[in-house]
1. Which angle between 0 and 90 degrees, to the nearest 10, do you get for helix 4-22 versus the longest principal axis of the chain when only C-alpha atoms count?
2. How large is the helix-only mean residue ellipticity at 222 nm for the chain, computed as the sum of -39500 (n - 2.57) over DSSP H runs with n ≥ 4, divided by its residue count, in deg cm²/dmol to the nearest 500?
3. Which value, in Å³ per residue, describes the convex hull spanned by the Cα atoms of the stretch 22-83?
4. Mind sorting Lys148, Lys217, Lys205 by how few other Cβ atoms lie within 10 Å of their own Cβ, fewest first?
5. Mind putting a number on the dipole of the stretch 4-280 about its Cα centre? Charges go on the C-beta only, +1 for Lys and Arg and -1 for Asp and Glu, and I need it in Debye to the nearest 20.
6. With a bin width of 5 angstrom, please list the P(r) values of the stretch 45-124 as percents of all Cα-Cα pairs, from the 0 bin to the one holding the largest distance.
7. Along the stretch 124-134, what does the Karplus equation 6.51 cos²θ - 1.76 cosθ + 1.60 (θ = phi - 60°) give for ³J(HN,Hα), rounded to whole Hz, x for Gly and Pro?
8. Using the Cα atoms of the chain, I'd like the radius of gyration and the largest Cα-Cα distance, Dmax, both in angstrom.
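All of the numbers you see were taken from the coordinates with simple rules; none came from a lab. Computed from a predicted model, the values in this text were never measured in an experiment. Here Cβ is always computed from backbone atoms with ideal geometry, including for glycine, and neighbour counts include all displayed protein chains.
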Amino acid sequence: MNTPLMKAFAFIALFILDFFSLAVAQPYFDVAGITNWYIPGNSKTDSTSEAYATAFVSVPFNISARSKFIISPYYENRQLKNVYSDSKISLSSIGLPLTWRYENVDSSWSFIATLICRINASKLNPDENKFQTGGVFLNSFRINPKLKFKLGLYYNREFFANYFVPLVGIEYKMHEKWQLYGVIPNSIKLEYKVSKIIYTGAVIKSITNSYRYGDRKNYYKIMDNHAGVFADFYFPRNVCLMIEAGHTVLRNIKNRTDLSWEESKGNNFIFKAGIYYRLRFY
C-alpha cells in the first residue's frame, strides 16, 4: 500500500542502510552530537585553563551504489584563561566538511576525499583573513574481514603555515569484545565491550589548530594531545552518553598577538562529556 507512512518508513530504512554502507568495518556512525571538555589551569605547571564545546551533524547521500556524499557542518568554541596574566580569550570555528566516498565492487578497497572550508577566529564574521581551506585523502585496504589498513594525507592552510600531515589508520576487530580503530595522529581507540549498553577503553587524540585574532598578523596556535580512558553508555533510540578522563601531553598554546603572554606549555588533567545520536553496528 503506497501511503505517506509507508514512504516515510522506506525513506528511514534506506537512510539507515546508507549509514551502514558508510560504516562497513566501523563500530558506529555518529549522526549528530555535542561534546564538551574542561582543562583546569595551574600556575605550578604553566597550564592555561580551557573550556571547550562543539556541536555537529553528518548527513550522507547516495550518488550511486558505490559512491556516497556526506555533508558535516559543525561549530566549536574554546574559552582560554592564562593563569599568570588572567587574560581571557574566546576562539571559535564554524566549518563545512564535504566528503566523497567511493568503494569498489568487492569492498576490498575504498577512497575518501574531503574538502574542509572553515572560519577560525575570535569573531566569526565573514573575512578572508579568517578563512581556512584544507582537505583529507584517505585510502582503506581490507586485509581480511577483521582487519583494514588506511593511508592518506591531511592538509590545511593554517595561519602559521601550510600544514601537511601523513595519515596511517587501522580497523581491527581483535576479538568479539575488543576492537582497535582510528587514524593516527588524529585519534586512536582501544575499545572493550562490557555489555550491549556499556563500552569502555582507552583513547589518544591529537589536535593542531590556529585561530585569527584581530588583524591578519595575529593568531593563536594550539597544539595538543589527549590521553585518557572513556566509557560509552547506550540508551534507547540510539542515544549515547560519553564520559572521559585523562591528561594532556605536549600541550602548547602560542599567542602571536599583542597580549601579555606569549606561550603556555603546561599540561593538566582533562575531563570530557558528550551526547550523540549514534548508530552502532557491532
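1. That helix lies at roughly 70 degrees to the long axis.
2. Helix contribution divided over all residues of the chain: -2500 deg cm²/dmol.
3. Given the Cα convex hull of the stretch 22-83, per-residue volume reads 109 Å³.
4. Values: Lys148 23, Lys217 12, Lys205 19.
By the 10 Å Cβ count, ascending: Lys217, Lys205, Lys148.
5. Numbers: 34 positive and 21 negative charges, 72 e Å.
For this selection, approximately 340 debye.
6. 3, 13, 17, 15, 12, 11, 9, 8, 6, 4, 2, 1
7. For the stretch 124-134, the Karplus-derived couplings read 8, 9, x, 7, 4, 6, 9, 8, 10, 10, x Hz, x marking Gly and Pro.
8. 20.2, 70
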